[in-house]
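The numbers here are math on the coordinates, done by the rules we state, and not lab data. These numbers come from a predicted model, not from an experiment. We place every Cβ from the backbone using ideal geometry, glycine too, and count neighbours over all the protein chains shown.
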Amino acid sequence: MGPRYMIDNSKINFTLTVEGMTCEHCKNTVESKIIALYGVDSAVADLATKTLKVDFDPNCITLRDIMAAISEEGYSADL
C-alpha cells in the first residue's frame with residue numbers, strides 16, 4: 001500500500017506504519033512523543049493496524065522529523 005495523505009491548506013494529514021507497537025503502553029508512548037512536537041496538531045495510533053495518523057504543519061515540522069522521533073522511542077516508522 002502506498003503513502004496515505006491529504007493536504008488541507010497548510011496542514012498535512014498523513015498515515016504512517018509503525019512497527020513495534022504491541023500494547024496500549026506502546027501506543028500511548030508514540031502518541032505522546034509525536035503530539036509534543038511543535039507543529040503537530042494531532043497524533044492517533046492504532047494498535048490493530050499498527051498505524052499512526054498525524055496532522056501537522058509542514059511549515060513547522062517535516063515528516064522526516066516525525067519519523068525520527070518515532071525511531072528515538074524504539075519503534076520504526078515507514079511510509
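Using a Gaussian network for the chain with springs between C-alpha atoms less than 10 Å apart, which of these wobbles most: Thr51, Thr22, Thr62?
Thr22
In debye, nearest 20, what is the charge dipole magnitude of the chain about its Cα centre with +1 on Lys and Arg Cβ and -1 on Asp and Glu Cβ, if you could check? Write down the numbers at each step before the final one.
Details: 7 positive and 12 negative charges, 26 e Å.
Here the size comes out at about 120 debye.
Output the 0 to 90 degree angle, nearest 10, between the alpha-carbon long axis of helix 63-72 and the longest principal axis computed from the alpha carbons of the chain.
Roughly 20 degrees, rounded to the nearest 10.
Would you mind checking the tilt of helix 24-35 against the longest principal axis of the Cα atoms of the chain, expressed as 0 to 90 degrees and rounded to 10?
Roughly 20 degrees between the two axes.
In nm, to one decimal, how far is the Leu79 label point from the Ala48 one, both placed 7 Å along Cα→Cβ?
2.8
Among [x] 52, 9, 5; [y] 34, 22, 8; [z] 19, 13, 11, which one is semi-axes √(5λ) of the Cα gyration tensor in Å computed from these coordinates?
The value matching this structure is [z].
Under 16 Å from the Cα of Lys50, which aspartates and glutamates turn up, not counting those fewer than eight places away in the same chain?
Glu19, Glu24, Glu31, Glu73, Asp78
In nm, to one decimal, how far is the Tyr38 label point from the Glu19 one, both placed 7 Å along Cα→Cβ?
3.2
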